[in-house]
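The values are calculated or read from the model by the stated rules, or taken from the named source; none is laboratory data. Everything numeric in this text was worked out from a predicted model, so none of it was measured. So basically every Cβ, Gly included, is an ideal-geometry build from the backbone, and we count neighbours across all protein chains shown.
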Amino acid sequence: MASAMTNPLLQVDNLNMYFPVREGLMLRAKTFNRAVDGVSLQINPGETLGLVGESGCGKSTLGRCIARLYKPSAGTIRFQGEDITHMSARALRPFRQNIQMIFQDPMESLNARHTVGDILAEPFIVQGIGDSAFRSKRVAELLNTVGLPARSATRYPFEFSGGQRQRIGIARAIALNPKLVICDEPVSALDVSIQSQILNLLVDLQSEFNLSYLFIAHDLAVVKHISDRVAVMYLGNIVETADSEIIYRDAKHPYTQSLIAAIPVPDPQRRAQRIIIQGDVPSAINPPTGCHFHPRCPRAEARCKAEKPVLRELGNTQFAACHLASG
């Protein structure tokens with residue numbers, strides 16, 4: 001659960017990540033894919049911020065920028081008050097102990113040629129922590145923490161199920177006792193029956209180690225289970241943010257409303273009121289003018305096509321980027 005501390009663990013301000021689109025014989029960058037376009041957010045100690053949106057909206061790119069796997073085009077990333085936006089690889093090394101990542105596909109993110117023991121020992125080797133005996137002990141402890149037997153250390157990733165591989169990925173992420181873990185769709189590649197086990201494991205680990213999470217997903221039902229606050233992303237922008245309970249009860253942005261309405265209702269006698277949005281997410285290379293959502297919005301007006309809305313406070317810790325939203 002969220003900490004009562006007022007100083008944020010992570011502060012992101014007006015972050016941009018533009019990828020050049022090279023064309024012509026000289027491969028010059030004439031246009032840019034605006035994957036992340038002016039995003040601001042913060043995460044407090046011990047808090048989980050759920051980041052949701054359709055595929056292609058820039059969620060994973062934002063997560064990789066925060067982890068500094070990508071170098072942002074503009075904006076600032078502050079971790080515990082220190083600007084890490086443009087730090088060199090050497091200067092970033094101590095910070096990488098405190099910012100770790102769980103990837104969507106555990107099979108792709110684990111080295112198939114290494115044993116599980118080698119995979120879990122690698123963070124300590126890279127950071128120069130402990131000797132061989134210390135690393136072997138920590139590997140056994142990490143496996144036990146995520147619910148796997150110590151003998152798993154001698155086996156290879158392909159010998160495990162998808163859920164077990166994700167447990168190994170989680171063990172690697174928490175190996176160095178980080179403060180922030182970026183979870184990039186950590187359950188979307190798993191069976192529904194396994195998803196709840198992994199989510200419960202993440203909740204238990206957060207309580208035990210006082211972790212903060214940026215939990216990236218496209219499934220709002222999953223995000224509701226684990227998040228303290230939710231930020232909704234569309235075409236590189238944050239369009240709404242609020243406490244989890246508030247956003248599921250009283251979403252203000254039409255895009256958020258449509259995502260929530262699409263959550264399956266388990267009662268066959270009850271029909272959810274659907275809010276139909278037309279078409280696909282527009283191209284981030286040539287986004288629509290005004291509000292990026294207006295071509296798909298059932299409530300769009302002339303102002304929406306001409307003027308881009310800013311993320312403004314509507315009261316009760318809720319912010320929305322919509323001309324028509326009211327508190």
Tell me yes or no: at least one residue of region 72-83 is surrounded by fewer than 16 Cβ atoms within 10 Å (Cβ to Cβ), touching a Gly at 6+ places or on another chain (Cβ under 9 Å) and without any contact (Cβ under 8 Å) to a residue 40 or more places away in the chain. no
Given (1) under 26 Å from T61 (Cα atoms); (2) in contact with a Ser or Thr (Cβ under 9 Å, 6 or more places away or on another chain), number of the condition F160 does not satisfy: (1)
Give the residue, chosen from A121, A67, A74, A133, that is modelled with pLDDT of 95 or more and closer than 25 Å to D219 by Cβ. A67
Among (1) surrounded by fewer than 23 Cβ atoms within 10 Å (Cβ to Cβ); (2) of a type in the set (V, I, T); (3) touching an Asp or Glu at 6+ places or on another chain (Cβ under 7 Å), the one test that T31 misses: (3)
Name the residues in region 11-44 that are among the basic types (K, R) and touching a residue at least 12 places away in the same chain (Cβ under 8 Å), would you? R34
Scanning region 88-129 for residues that are closer than 21 Å to T61 by Cα and of a type in the set (V, I, T), which turns out surrounded by the fewest Cβ atoms within 10 Å (Cβ to Cβ)? I99
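Please go through region 218-244 and give me each residue that is small (G, A, S) and within 19 Å of V265 (Cβ to Cβ), ordered by number.
A221, S244
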Would you check if there is a residue in region 59-70 being part of a helix (DSSP H, G or I), in the same structural domain as H218 (by TED's automatic domain parsing), closer than 16 Å to L180 by Cβ and of a type in the set (V, I, T)? yes
Which one is nearest to the chain's Cα centre (by Cα) among residues in region 123-155 that are within 27 Å of F95 (Cβ to Cβ) and part of a loop (DSSP other than H, G, I, E, B)? V146
Give the residues of region 200-237 that are in contact with an Asp or Glu (Cβ under 6 Å, 6 or more places away or on another chain), under 18 Å from M101 (Cα atoms) and aliphatic (A, V, I, L, M), sorted by residue number. I216, A217
Count of region 24-45 residues which are under 18 Å from V239 (Cβ atoms) and either part of a loop (DSSP other than H, G, I, E, B) or among the small types (G, A, S) (or both): 3
Just the residues that are without any contact (Cβ under 8 Å) to a residue 40 or more places away in the chain and either aliphatic (A, V, I, L, M) or over 23 Å from L10 (Cα atoms) (or both), please, taken from region 220-249. V222, Y248, R249
I'm checking my understanding of the structure. Among residues of region 188-239 that are touching a His at 6+ places or on another chain (Cβ under 9 Å) and either on the phi > 0 side of the Ramachandran plot or in a loop (DSSP other than H, G, I, E, B) (or both), which one is surrounded by the fewest Cβ atoms within 10 Å (Cβ to Cβ)? S188
The condition of being modelled with pLDDT of 95 or more and out of contact with any Ser or Thr (no Cβ under 7 Å at 6 or more places or on another chain) holds, among L220, L214, only for L214
